[in-house]
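What follows is a set of notes on a single structure, which appears directly below.
The values are calculated or read from the model by the stated rules, or taken from the named source; none is laboratory data. Model, not experiment: these values are computed from the prediction. Note: ideal-geometry Cβ built from the backbone for every residue, glycine included; neighbour counts use all protein chains shown. Please note that ligands, DNA and RNA were not included when accessible areas were found on the heavy atoms of the full protein model with its side chains. Shrake-Rupley method; radii C 1.70, N 1.55, O 1.52, S 1.80 Å.
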Amino acid sequence: MWGVKVQSMVITQAQQWFAFVMEQPIGLLIILGLICIGCVFLFLYRQRRGVSGKSHSSRNTASSAERPASMPEAPLRHRGDGNAQILFQPSGETDLLFSDAKGDKVDHDETMLMDRKHGLRFLWEVDGKAHREERYDFPLIIGRDRSCQIVIDLPSVSRRHAQLIAEDHAYRIVDMGSRNGIYLDGIRVTDTAHIRDGCEVRMGHVRMTIDFISENLG
């Protein structure tokens, strides 16, 4: 009962206000202005809702497009005794994981290195005669002594002149207390230094070029 009375009072007040406004010279303009303002607000609200919905939909579409549809049907073979699998991450990036014959996971870079053996090629001349040696086992020693892995029989070369050490697929040359020292690309090696592919090493009167080499295991 009370609700009906309140509703009746509101309707009566609204009718009186509308009649008052219409009696004014600009009453109709006020009504039209309010209608226009309401339409503008409604239009802007719908536009904002539409843009937000499209943006959300495009993000979902993009993420679904970036996500691979399926895994490869057949695994890649690795050295004939293991498998390779491509794993898709939520970020869209891929990881290539190998498994050996025992099923243990092996990192891709590590696997590629396991397929090859790495070493050094030494090129030098003595009395106009070219010498070439390839070595894959380290550490090794260069010197005049016959027990060295690479023998250079010259008086300017010490009995145990230099040592080559392999560490994490890089190589380091060490002066073993030689009389005439070691020069790497023209710079004196005080104790030890890392060598680069194609560098020139001078020991006494001998100039030696050292190249990085690798070959397949199988």
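Quick look at the numbers
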quantity: Contacts under 6 angstrom Cβ, first residue in region 125-143 being under 20 Å from Ala170 (Cβ atoms), partner assigned to a strand (DSSP E or B) and open to solvent by 70 Å² or more (accessible area, probe 1.4 Å), 6 or more apart; calculated: Tyr136/Lys117
quantity: Every residue from region 156-175 that is open to solvent by 70 Å² or more (accessible area, probe 1.4 Å) and either within 13 Å of Met208 (Cβ to Cβ) or in contact (Cβ under 8 Å) with a residue 24 or more places away in the chain (or both); calculated: His169
quantity: Candidates His205, His131, filtered to the one that is open to solvent by 70 Å² or more (accessible area, probe 1.4 Å) and not aromatic (Phe, Trp, Tyr); calculated: His205
quantity: Residue check for Gly119: modelled with pLDDT under 95, assigned to a strand (DSSP E or B) and open to solvent by less than 60 Å² (accessible area, probe 1.4 Å); calculated: yes
quantity: Complete set of residues in region 186-218 that are β-branched (Val, Ile, Thr) and modelled with pLDDT of 95 or more; calculated: Ile187, Val189, Thr192, Ile195, Val201, Val206, Thr209, Ile210
quantity: Selected residue (criterion: most open to solvent (accessible area, probe 1.4 Å)) from residues of region 144-153 that are in contact with a Leu (Cβ under 9 Å, 6 or more places away or on another chain) and under 30 Å from Asp168 (Cβ atoms); calculated: Gln149
quantity: In region 179-194, the residues that are open to solvent by less than 40 Å² (accessible area, probe 1.4 Å) and either acidic (Asp, Glu) or out of contact with any Gly (no Cβ under 8 Å at 6 or more places or on another chain) (or both); calculated: Gly181, Ile182, Leu184, Ala193
quantity: Check on Tyr183, of a type in the set (Ser, Thr, Tyr), at pLDDT 95 or above and within 22 Å of Val126 (Cα to Cα); calculated: yes
